[in-house]
1. Mind ranking 279, 111 by accessible surface for me, highest first, 1.4 Å probe?
2. For labels at residue 153 and residue 67 in the simple 7 Å Cα→Cβ model, what's the distance in nm?
3. Lys/Arg Cβ at +1, Asp/Glu Cβ at -1, dipole of segment 206-283 taken about the Cα centre: which of 250, 233, 263 is farthest positive-ward?
4. Which whole-number percentage describes the relative contact order of segment 149-224, with Cα contacts under 8 Å and a sequence gap of 6 or more?
5. Determine by what factor the alpha-carbon radius of gyration of segment 5-48 differs from 2.2 N^0.38 Å, reporting the quotient.
6. Counting only the backbone N, which residues of segment 88-130 are under 11 Å from the spot 7 Å out from the Cα of residue 5 toward its beta-carbon?
7. Give the ranking of 76, 146 by solvent-accessible surface, highest area first, calculated with a 1.4 Å probe.
8. Do any of 124/144; 195/281; 124/275; 60/275; 124/195; 144/281 go past 24 Å between their Cα atoms, and which?
Amino acid sequence: MIYLNGRFMPLEEATIPVLDRGFIFGDGIYEVIPVYSRRPFRLAEHLRRLQNSLDGIQLKNPHSDAEWGQLLQQLIDRNEGEDQYLYLHITRGVAKRDHAFPKNVTPTVFMMSSPLTPPAAELKASGVTAITAQDNRWLRCDIKAISLLPNVLLRQQAVAAGTMEAVLVRDGFMTEGSASNIFVVQNGTVLAPPKNNLMLPGITYDLILELAAADHIPLKVGPVPEAALRSANEIWLTSSTREVLPITVLDGQPVGNGQPGPLFKRMDALYQSYKATVMRKAD
Ligand code: PMP
């Protein structure tokens, strides 16, 4: 069951008008929220980022946080599976095709749920492969915009190279992945690029920083030069659906010794225990 403009319905019954500005211009934003044991994970943080994305495209939030909370819980209740991920999508609505904002238009709100399978133990044990690519996206990567063509092309470049992710480099510095945030470990210190207009402020990124600080893992938030990426002992990829994964091969070269590193293992353990604690509290 999906949600579209005030109604829950089977996915097959959902349609939108072709003049929806999401379809015509990619004029909209989205969120992806993981659900564990039928409870949204870090909901307040996701709703804050949703508001920032809406502010970034000057679109009024159609719901209060309390309303979003209720709608999302209804969506969870109407779908099977203890673990799900919720996709929430808002466009500027349906209007005659004109680039400028239309007046008095109701935004389109679409939400769906999909099964969430956390990364398999084998994947964490082997690590994943990635390529580097030039970050050729726009300068508002902090907005979670539905217009994802550059990300689509970059991710496809990674897949065509037989890898899982493209690690993006802009002007000599690492920004993020095509659909993930990236951390680098150098000599026992975790390096994280700063949150700015060049990357999406990942909800998982924030959690990794919190967990590292709480466990006294040396951490440096600042521009990460491409050279640091190339000489890294470890590289991690993070996202709400993939949690934290080690990148063990970059551009065909082993990262460090080519195995998931000790700090990855420590961080993954911290992440899993944080998740377990939050889920217990929800019971
Ligand atoms: N950067 C980009 C470009 C993404 O698409 C995503 C999520 N898919 C992330 C970072 C990670 O964000 P989050 O941890 O909130 O899933």
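1. Ranking 279, 111 by accessible area, largest first, yields 279, 111.
2. 3.7 nm
3. So the residue we want is 263.
4. This gives 26 percent for segment 149-224.
5. On the way: Rg = 14.2 Å, N = 44, 2.2 N^0.38 = 9.3 Å.
So the Cα radius of gyration is 1.53 times the expected 2.2 N^0.38 Å.
6. Residues passing the 11 Å test: 93-95, 106-110.
7. 146, 76
8. Details: 124/144 27 Å; 195/281 30 Å; 124/275 17 Å; 60/275 32 Å; 124/195 26 Å; 144/281 29 Å.
Listed pairs above 24 Å: 124/144; 195/281; 60/275; 124/195; 144/281.
The values are calculated or read from the model by the stated rules, or taken from the named source; none is laboratory data. Worth saying up front: this structure is predicted, and the values here are computed from it rather than measured. Backbone-built Cβ (ideal geometry, glycine too); neighbour counts: all protein chains shown. We work out accessible area using only protein heavy atoms, side chains counted, and drop any ligands, DNA or RNA first. Shrake-Rupley method; radii C 1.70, N 1.55, O 1.52, S 1.80 Å.
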